[in-house]
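Below you'll find the structure, written out as structure tokens, and then a few comments.
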Amino acid sequence: MELAPIPSNEAERLRSLFTLGLLNTKPEPRFDRITKVATKIFHVPISTLTLVDAKREWFKSCQGLSATEGDRAISFCGHALLADKIFVIPDTTKDKRFADNPMVVGAPFIRFYAGVPIMNADGQRVGVFCVKDTKPREFSEVDVEILIGLASWAELEINTRNLSIALEARKTAEGELRERVEELSHLNTIMVGRELKMAELKEEIEKLKEELRRLRAEAAGGA
């Protein structure tokens, strides 16, 4: 068995991966939608959007596997990460790099694999979009084109996710600010009304004081 290679720029690659803030996050429909489409298009039981960190392959989205991560060293995605365009293994049992791989000789008994590297916006390879089958199969040029297209979709979702979250946070903040402004406007209306009433009350008090002074003056004159 051949272990997954480590790229020469591993430190920079990992820094780029960590800036995404995706590792160990909950499943998201935007990613699950793509892996579900892949299983239906290719009629395969397994599809994953995999992020590759220092020791693990971690599945941001996964169809057909109960596990959420695996050992990078023996992973198929660890090899696909360094592929120029796409990494395809038509029959794992006939490939000396994988014939005795634990995932081939044991569950989930992978026989076919195809994966496309996923890039961060800075060009670093952060993961792989792949499909797997439990039986050998050929992968046509059309299949390659489709899988690359799905990987590009996943790549776009990854690189726009934080922007979407930031926009949503801004929308929420603007909503809260708008509510606060409305509250302050309402309070201002009340205070303005209260100030007007206070002015009227002061005016009435002054009138009463003036009337009291007049009455006192009249009383003093009469005495």
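The values are calculated or read from the model by the stated rules, or taken from the named source; none is laboratory data. In this text, all values refer to a predicted model and were calculated from it rather than measured experimentally. Note that we place each Cβ from the backbone using ideal geometry, even for glycine, and neighbour counts take in every protein chain shown.
Worth a mention:
- Meets criteria (touching a Ser or Thr at 6+ places or on another chain (Cβ under 9 Å), in a loop (DSSP other than H, G, I, E, B), touching a residue at least 24 places away in the same chain (Cβ under 8 Å) and not aliphatic (A, V, I, L, M)) for P27: yes
- Residue selected from the range 1-37 under the condition of a type in the set (G, A, S) and surrounded by 13 or more Cβ atoms within 10 Å (Cβ to Cβ), by the criterion farthest from G115 (Cα to Cα): S16
- Test: I118 is assigned to a loop (DSSP other than H, G, I, E, B) and either under 24 Å from P5 (Cα atoms) or of a type in the set (S, T, N, Q) (or both): no
- Taking the criterion of being aromatic (F, W, Y) and either crowded, with 21+ Cβ neighbours inside 10 Å or part of a loop (DSSP other than H, G, I, E, B) (or both), the residues of the range 78-115 that qualify are F98, F109, F112, Y113.
- Qualifying positions in the range 121-139 - in a strand (DSSP E or B) and either at pLDDT below 95 or of a type in the set (D, E) (or both): D133
- Looking only at residues in the range 149-175 that are loosely packed, with under 15 Cβ neighbours inside 10 Å and of a type in the set (A, V, I, L, M, F, W, C), the one that is modelled with the lowest pLDDT is A166.
- When the range 119-132 is filtered for residues that are of a type outside the set (F, W, Y), buried (at least 24 other Cβ atoms within 10 Å of the Cβ) and more than 14 Å from D84 (Cβ to Cβ), the ones remaining, listed by number, are V126, G127, C130, V131, K132.
- So D71, is it in contact with a helix residue (DSSP H, G or I) (Cβ under 8 Å, 6 or more places away or on another chain) and farther than 27 Å from V142 by Cβ: no
- When the range 52-71 is filtered for residues that are assigned to a loop (DSSP other than H, G, I, E, B) and surrounded by 20 or more Cβ atoms within 10 Å (Cβ to Cβ), nothing remains.
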